[in-house]
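We did not get these values from a lab; they are worked out from the coordinates using the rules stated. Predicted model, so just to flag it, every value in this text is computed and none were measured. Using ideal geometry, Cβ is built from the backbone for each residue, glycine included, and neighbour counts are taken over all protein chains shown.
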Amino acid sequence: MSLPDFDFVAAKSLKEASDLARERGNRCVFMAGGTDIIPLLKDNLLKGIDTVIGLECIPELDKLEFADGEGLRIGALTKLHSIQNSPLVKEKMPAVAQAAHYVASSQIRRKGTMAGNISNASPSADTASILLAMNASVKTYASGGGRTIPIGNFFTGVKKTCLEKDKGEIVTEIDIPELKPGEGSAYYKHAVRKAMDLAIIGVAAWVKMAGRKVGDCRIAMGGVGVTPLRAFNAEKLLKGAEITDELLEEAGVAASGECHPISDVRASAEYRADMVRVYTKRAIKTALETMKA
Ligand SMILES: Cc1cc2nc3c(=O)[nH]c(=O)nc-3n(C[C@H](O)[C@H](O)[C@H](O)COP(=O)(O)OP(=O)(O)OC[C@H]3O[C@@H](n4cnc5c(N)ncnc54)[C@H](O)[C@@H]3O)c2cc1C
């Protein structure tokens, strides 16, 4: 399929991009790497869009920094390939590098961004679950002032976020808090193929130990609801308890009970729920095994 006609504007600044987005409203979309937008345009699935606002010429959006005591700052134009291969990310937050690596293929990761991955708001987006488990936040620029959005408030539905179109709101940065001693995290994707395949389900875990007991934890699940979901009941079971195989199984069962999967060509709802049980256990175990000393 060929691309439909549209105006392409390569914005040179956040203000230019945001002002134009406010002016064109629902007739425009932002584009970072274009790996979601271009196929949608080709398939004529973006009805009424006559303007694509390119963000790639806004230099301050391309950054990958780590601040001791704070954490990782990932600019909205930073490619998934850079995140996956950054020695800094691999050392400080291996699960984030792993989640970036799980997206699509090497070619797509060289164009695609984490900001695009979450702004596209697919319930199975690979980076969404780890960001939820690690309590990330999303910084934005908008007319009248930007804001910091806790990732748990960012997704509002299938392909929907809380970004305000009428304010020309743009994601500028994703911030992930530093892993402290006694904390670990992990992300697992379950898909039929190893590459170029969307997740049937994905599970991420962040665990903080207090002595021999779990001091705190967050479990996030992708592909089993209209947005990525937290497994609050499973988290409650784990908090304050010593990890045993029986407890991990109970947490897995609890997580599978609180997801809302659908059946489609890729898997049945029952299979998805059972895979959540299996991968919840795996993600918690790996988070513990890779914990910061
Ligand atoms: C063949 C194929 C396989 C794929 N496999 C996977 C997979 O395995 N796992 C997975 O998670 N994804 C997969 N994807 C989806 C895609 O590659 C990712 O979602 C990618 O991370 C999107 O980033 P991008 O920069 O290309 O976004 P774009 O296509 O540029 O934008 C995506 C959406 O985000 C919005 N957007 C982008 N940047 C901003 C910003 N700064 N502020 C506000 N809104 C913004 C755009 O308007 C658009 O709605 C696949 C895609 C393809 C084509």
Once the in-chain neighbours fewer than 8 apart are removed, the aspartates and glutamates whose Cα is under 14 Å from Lys47 read Asp5
Links exceeding 20 Å between C-alpha atoms in this model, out of Lys189/Lys285; Lys12/Lys160; Lys42/Lys139; Lys63/Lys285, come to Lys12/Lys160; Lys42/Lys139; Lys63/Lys285
Per the C-alpha gyration tensor (a ≥ b ≥ c, the square roots of its eigenvalues), the range 60-177 is rounded if a/c is under 1.5, else prolate if a/b beats b/c, else oblate; here it's prolate
Restricting to aspartates and glutamates and to Cα separations under 17 Å from Lys208, and discarding same-chain partners fewer than 8 apart, the set is Glu70, Glu178, Glu183, Asp216, Glu235, Glu242, Glu289
Classified through the alpha carbon gyration tensor (a ≥ b ≥ c as square roots of its eigenvalues; rounded if a/c is under 1.5, else prolate when a/b is larger than b/c, else oblate), the chain comes out prolate
Here the net charge surrounding Phe232, from other residues whose Cβ is less than 14 Å away from its Cβ (Lys, Arg +1; Asp, Glu -1), is +1
Of all GluC sites (Glu not before Pro) in the range 141-193, the ones in DSSP coil with at most 15 other Cβ atoms within 10 Å are Glu164
